[in-house]
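Read through the structure below, which is laid out as structure tokens, and then see the notes.
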Amino acid sequence: MKNSYEKYKEHLQKIADVNYSSAVLQWDQEVYMPGEGAKYRAQQLSTLSGIVHELSTSDELGKLLNELNNDATLSQKEKANVKESLRYYTEQKKYSTEFVIKLTQTISESFQAWQKAKKENNFKIFQPLLEKLVELKKQECELLGYEEHPYDALLNQFEPGSTTKKLKKLFQGVRDELVPFVKKIAAQQKPDYNFLLKHYDKDKQWHFGIDVLKQMLFDFEAGRQDISSHPFTTNFNAKDVRVTTRINENDFREMTWSCVHEGGHALYEQGLNVDDYGLPSGEYLSLAIHESQSRLWENNVARSSAYWKNNYKKLQDLFPENLKDISTEKFYEAINAVEPSLIRTSADELTYHFHVMIRFEIEEGLIDGSVKVEELPSVWNKKYKDYLGLEVPDDASGVLQDIHWSHGSFGYFPTYSQGSFYAAQFFIQALKDNPNLLSEIEKGNLKPLLNWLREKIHRHGRTLKADELCKQITGEELNFNNFMNYAKNKFSKIYNLTL
Ligand code: ZN
């Protein structure tokens, strides 16, 4: 007879089977599916998510989890798995079927309204649906419960342990230190990056991207890359991880850094323990930790001078028509140009966080009622003026630019900034732990860094909280000063600023 832990494991793997089958369908939808397939694909995905909800909230699972929660014979890892599964189970049980149906329906209508509103550049089309959605999200906060701020309940869904209070402290640092630092940068002469906007052949870029992934040690026997309109990473198990990229022939930056970014996400997934498939110990820790992996490779590695010391010559040989007269230094400065802009997804490494901070402040206000949905465009535009010094010309490039709210994802945005701040803190530690790291990166050897990430982060799966992991690795919880020091160090040199 199987013991309870075996039964629990089997149940979780069944949920994973259905979840990852959905992921295959979603991946296909973005990469290959012909447009006309959309209707039934949506139906298939909704059926599968219904099955997952049933399995995840079944009484059978509840009984097993409660029994195992009191089982003193379990190993440390087994205990951690049961604890995390019980947390998730308890959370899921708080939703009534009625609420789930109402929310799913409203999200689907909101998404359509948002698409139309963005296309027609008219916030009013989205407004009534967004009002409905915000009301439901407020109900969700009450239903899930919280200790201090209702918004905490939503933050927790994406980043367990994250609170409004902690985020306020992080963004206080952004406001007090990063905003004035970027102002100083803006007063200096901008690096010339026009050569990055010349014509870069599509095929050559694709092959360069594949080489970039190979150098990062992305395992092509356990993954592949395809093209999609929005780059993303997904996985079906640790031995089958998919990344996508997009190529802009008139902007070299787009493919290269999205390749590295998604590659960073993918290395994390490939580094998870495949034998723990479906169990928390075989899953990524949290969204912010996932993002820390992509940002570490994208910014701390692929936007560093060390990385290009080895790689720039290869790039010059590939595109001599654009780069033969550009020195490595000029290239490095160009890829690190800082410039306030309207669109979050194309923002530079520093001003990116102003975009996130604005969304965080707005979400907090929407949930506690201090910001009304109808005021959103004006609130948005004022914040862009205050933090980025920009006039927002219209709603499409302003308040309607992101998909998240139409999906009902409130509390997601902060994980992007948390991810970058974790990345800086982890990378500083990696350099301390491994004094040869930079010189290896200069030689094009990324293995020592990957080994460090595998050992310190990937192998743990979701057996501990992000705060605990960070403390275990760096000796302290997430601390904005680490990011700020990294930023000051790097950008003062590029912009000739004295500290
Ligand atoms: Zn990412």
Q. Restricting to the range 260-275, what's the tally of residues that are in contact with a Gly (Cβ under 6 Å, 6 or more places away or on another chain), farther than 11 Å from Val241 by Cβ and crowded, with 21+ Cβ neighbours inside 10 Å?
A. 0
Q: Read through the list (1) farther than 27 Å from Tyr332 by Cα; (2) within 12 Å of the ligand (Cβ to nearest atom); (3) modelled with pLDDT under 95, then give the number of the only condition that His230 fails.
A: (1)
Q) Just checking, how many residues over the range 377-399 are touching a Gly at 6+ places or on another chain (Cβ under 9 Å) and open to solvent by less than 30 Å² (accessible area, probe 1.4 Å)? A) 4
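For residues in the range 420-437 being over 16 Å from Ala302 (Cα atoms) and touching a residue at least 40 places away in the same chain (Cβ under 8 Å), which is nearest to the ligand (Cβ to nearest atom)?
The selected residue is Tyr422.
Could you say which residue among Lys137, Lys102, Lys79, Lys118 is within 30 Å of Val392 (Cβ to Cβ) and open to solvent by 20 Å² or more (accessible area, probe 1.4 Å)?
Result of the check over Lys137, Lys102, Lys79, Lys118: Lys118.
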Q. How about the range 278-302: which of its residues are open to solvent by less than 10 Å² (accessible area, probe 1.4 Å), within 10 Å of the ligand (Cβ to nearest atom) and under 13 Å from Leu469 (Cβ atoms)?
A. Ser292, Gln293
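Yes or no: Ser370 of a type in the set (Gly, Ala, Ser), at pLDDT 95 or above and in contact with a Phe, Trp or Tyr (Cβ under 7 Å, 6 or more places away or on another chain)?
It is false that Ser370 is of a type in the set (Gly, Ala, Ser), at pLDDT 95 or above and in contact with a Phe, Trp or Tyr (Cβ under 7 Å, 6 or more places away or on another chain).
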Q | Criterion violated by Ile125 - all others in (1) farther than 30 Å from Leu366 by Cβ; (2) open to solvent by less than 50 Å² (accessible area, probe 1.4 Å); (3) out of contact with any Pro (no Cβ under 8 Å at 6 or more places or on another chain); (4) not polar (S, T, N, Q) satisfied | A | (1)
Q. Taking Thr90 and the conditions (1) modelled with pLDDT of 95 or more; (2) in contact with a Leu (Cβ under 7 Å, 6 or more places away or on another chain), which numbered condition does it fall short on, given that it satisfies the others?
A. (2)
Q. Are any residues in the range 428-462 open to solvent by 50 Å² or more (accessible area, probe 1.4 Å) and not in a helix (DSSP H, G or I), and if so, which ones?
A. Pro435, Asn436, Lys443, Asn445, Arg462
Q.
Tell me whether the range 307-327 contains one or more residues that are away from the ligand (no atom under 16 Å from the Cβ) and modelled with pLDDT under 95.
A. yes
Q: Just need a number here: residues in the range 408-419 that are away from the ligand (no atom under 16 Å from the Cβ) and either open to solvent by 30 Å² or more (accessible area, probe 1.4 Å) or among the aromatic types (Phe, Trp, Tyr) (or both).
A: 1
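Does Ser397 satisfy the condition of being part of a helix (DSSP H, G or I) and either of a type in the set (Gly, Ala, Ser) or modelled with pLDDT under 95 (or both)?
no
The values are calculated or read from the model by the stated rules, or taken from the named source; none is laboratory data. No experiment lies behind these values; they were computed from the predicted model shown. Cβ: placed from backbone, ideal geometry, glycine included. Neighbour counts: every protein chain shown. Just the protein is used for accessible areas: all its heavy atoms, side chains included, with ligands, DNA and RNA removed. Shrake-Rupley method; radii C 1.70, N 1.55, O 1.52, S 1.80 Å.
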